[in-house]
Structure formats: C-alpha cells, structure tokens
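Here's the structure we're looking at; comments come further down.
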Amino acid sequence: MNFQSAPALPACPTARPMRAWAALVLAGLLAAPVMAQGVYRIVGPDGRVTFSDQPPPADAAPARPVNVNPAGGSGNAALPFELRQVVSRYPVTLYTSSDCAPCNSGRNLLNSRGVPYVEKTVNTAQDTDALKRLSGDTSLPFMTIGGQQLKGYSDSEWTQFLDAAGYPKQSALPAGFRRAAVTPLVAIKPAEPAAPARSTAPATGSPASVPVAPPTENPAGIRF
C-alpha cells in the first residue's frame, strides 16, 4: 500500500499579526522596569538638593530613593513619566519670605502650571546670609531651575525658562499629589540643654572659710 504524504496546510492568515502582537507585549514588559526606575534625592556638601535617575558615585553621600514626587512632595501618587524626567533634570527651588507679594505671584505661577518645587523661606539673619552666599544678593523671590538662577519675579521670564526646561504649560499632576512642607533655608538646630550650674557651697564636712579681719594697728601697711 502506498502512503502519500499529506499536503502542507496553508499558513494561518492571523499568525503574522499574532506574532507581531506578542513581540509588542514582550517589548512592553522589557521596557516596564526602565519606566519604573526610581529617582534619587541627592544632598550635596553645600546642602543643595538635586534629583537624578542615576545613583550617586560610591564615595558620595548616600542618596535616598524617591518614588513619588522628586521635588519633595509627600503625596502617594506617582508623577507622570515625562514630568518626572523633567524634574530630575531641572529641579525647581523657590526662595520666599513672609509678607512678599511678588513671592505669592511666583508661587501662583508654579502652582497653576503644576510644577513640583521645593520652597525655602528666608526669614532670619542666618537665612539671609545663606541666600547671599547662594545668589550673591538678598532680593526675593529667588528661583532656581536646575543651574539657572532667576532673581525677582517676572511672569514672562519665568514662563520662558519653564518652557525651555520642558515643564508643561498646564498642570499634569495626579489627583493625589500633595506638595512638600515649606522649610527654612537654614535648618533650625534644637537648643542644647544648659550645663548644670556649678555649686560654690563648701563640701560637706569641710570647715567654712572665715574672713580674717586686719589688725587695728598696722604700721607696715600690709594688706590681708
């Protein structure tokens, strides 16, 4: 009996699209860890805080991974990937003081655009000295975008530099985002406890010293 081989079945017309779909899913899974990598909060020797998606060198101070708001927010909602990348490259720090109307205008601009930022207050003499060392001046508000310094508030100038850094024109912050608490430029050190007062009373059992009265007649003029 002769057996003839069965004819080959035609390729399924949906096989190629299925393979392409599987490749896309695999690529998405491989890319997911990259998208989910953390952002590191790095404090420099001068106390300046920066953010990066790369860990610091081994000899640098240990960095704290930041998974939510790279600008110091305390919210539990993660920033969108594009915004997180902008913040890691060009973190924004705003320096303000109380009773400063231009400071309020600058703060409102950042809030309206949804810019994550760190706010430092300048209210003490130590804060003022630190601001002068940082900016060379004491004018407020003062803002840094990455390494760029902006002295005084100007709506057009601030908008121009925020646009150049890549910050969105409208807020893209998630609903659960909460900004970080405002802190002074110079951290307030807790007061050290006062040293106990040294007692001047004579020790128990030792005779108390009694002043010696000079003699009534002292022709040599000796002073006791």
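Bear in mind that the values in this text are calculations on the coordinates, not laboratory data. Note that the coordinates shown come from a computational prediction; the quantities given were computed from them, not determined experimentally. Backbone-built Cβ (ideal geometry, glycine too); neighbour counts: all protein chains shown.
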If you stretched the chain out fully between residue 169 and residue 188, how much longer would it get, using 0.36 nm times the residue separation minus the C-alpha to C-alpha distance? 3.3 nm
Would you mind pulling out the separation of the Cα centroids of the range 74-129 and the range 173-192, in Å? 11 Å
Return the long-range amide H neighbours of residue 119 (sequence gap of 5 or more, or a different chain), with a cut-off of under 5 Å between placed amide H atoms. 94, 183
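What does the extension gain come out to for residue 78 and residue 156, with contour length at 0.36 nm per residue minus their alpha carbon separation?
On the way: separation 78, 0.36 × 78 = 28.08 nm, distance 2.95 nm.
Stretched fully, the residue 78-residue 156 segment lengthens by 25.1 nm.
So, by mean Cβ neighbours within 10 angstrom, what's the order for 90-102, 129-141, 164-176 with the highest one leading?
Working: 90-102: 17.6, 129-141: 15.7, 164-176: 13.8.
Sorting 90-102, 129-141, 164-176 by mean packing, highest first, produces 90-102, 129-141, 164-176.
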Under 20 Å Cα-Cα from residue 132, which lysines qualify once same-chain neighbours fewer than 8 residues away are excluded? 120, 151
